[in-house]
Amino acid sequence: MDSLFSPALALHIACGFIAVAAGLVPLLTRKGSRLHRLSGRVYVAVMGTLLAAAWVMTVLHFNAYFAALSATASIGLFSGFRVLGRKRPDLDPRQRARPLDWAAALAVVAIGAWVVVQMLTGASTSPRMPTLALAYAAFAFGGWDLWRFAQPTGWPFGPDLWTYEHLAKMLCAYGAVVSAFSGNFLTFLPTPWSQLWPTLLFQPLAMGWIAVLIVRRRRAALPA
């Protein structure tokens, strides 16, 4: 099995370089445009390959930090893509969560809990602050999905909620890959900040972006 590690690592690194660049295109292009959709599909394909390789390496040589990082990026990418097919669960019950969605969210929460136990018991030597920050993100995104799946039209559901979820989750996945890239290649930055700054940047960016969209849409709905 160890013979799989080196090819998986090479594939993971190659996809990482591509994903850092490819992720900027859907981020910077007009939402809903043909270029946004096409570049988004390319980004999802590259990230999916990257994460598959990451999980192979994690299984072969467990590391709490990389397990938490892979879990956070996986739920962001998977759920951020799947929510595009769950825009209006209030109008179409077929757009509600499927067993695969439940399984992914439960798995990410379980991995986050396992990572926290590893860190608190001293069973892992992974960097404490970045690893716990990523575990928190896994809890937040996995827990949010479980709530939304259980209450598909409950608070805070709205017809535009899918937009905000897609934005936040895709930024989460992109932040995770930038975190790994920075930790490995931007070595002039001190630890743990070389791994933490993407989380500190992209999470507030997502919240701020969502706030701007909400304000704009409320203003647009006001009578002239």
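The values are calculated or read from the model by the stated rules, or taken from the named source; none is laboratory data. Please read all numbers here as calculations on a predicted model, not as lab measurements. Methodologically, a virtual Cβ is constructed for each residue, glycine included, from the backbone with ideal geometry; neighbour enumeration extends over all protein chains shown.
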Which residues, counting only those in the range 43-86, are free of Cβ contacts under 8 Å to residues at least 60 places away in the same chain, surrounded by fewer than 18 Cβ atoms within 10 Å (Cβ to Cβ) and closer than 27 Å to L161 by Cβ?
A45, G48, G85
R96 passes all but one of (1) surrounded by fewer than 17 Cβ atoms within 10 Å (Cβ to Cβ); (2) touching an Asp or Glu at 6+ places or on another chain (Cβ under 8 Å); (3) over 26 Å from S182 (Cβ atoms); which number fails?
(2)
Is it the case that the range 185-207 has a residue that's in the same structural domain as W144 (by TED's automatic domain parsing), of a type in the set (S, T, N, Q) and not in a helix (DSSP H, G or I)?
yes
Residues (β-branched (V, I, T), free of Cβ contacts under 8 Å to residues at least 24 places away in the same chain and within 23 Å of A140 (Cα to Cα)) located in the range 178-213
V212
Subset of the range 144-174, residues of a type in the set (G, A, S) and under 13 Å from the mean Cα position of the chain (by Cα), comes to A168, A173
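Taking the stated definitions as given, is A67 in a helix (DSSP H, G or I) and under 17 Å from the mean Cα position of the chain (by Cα)? Break it down stepwise before answering.
Details: in a helix (DSSP H, G or I): yes; under 17 Å from the mean Cα position of the chain (by Cα): yes.
Against the criterion (in a helix (DSSP H, G or I) and under 17 Å from the mean Cα position of the chain (by Cα)), A67 qualifies.
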Filter the range 145-184 for residues that are in a loop (DSSP other than H, G, I, E, B) and β-branched (V, I, T) and give the result.
T153
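It is to be established whether one or more residues within the range 97-106 are at pLDDT below 95 and touching a Ser or Thr at 6+ places or on another chain (Cβ under 9 Å).
No, the range 97-106 contains no residue that is at pLDDT below 95 and touching a Ser or Thr at 6+ places or on another chain (Cβ under 9 Å).
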Please verify whether the range 24-42 includes one or more residues that are touching a residue at least 12 places away in the same chain (Cβ under 8 Å), under 22 Å from W102 (Cα atoms) and part of a helix (DSSP H, G or I).
no
Scanning the range 118-132 residue by residue, the ones that are at pLDDT 90 or above and of a type in the set (K, R) total 0
The range 127-158 - residue that is hydroxyl-bearing (S, T, Y) and surrounded by fewer than 21 Cβ atoms within 10 Å (Cβ to Cβ) and, of those, farthest from P190 (Cα to Cα)
T153
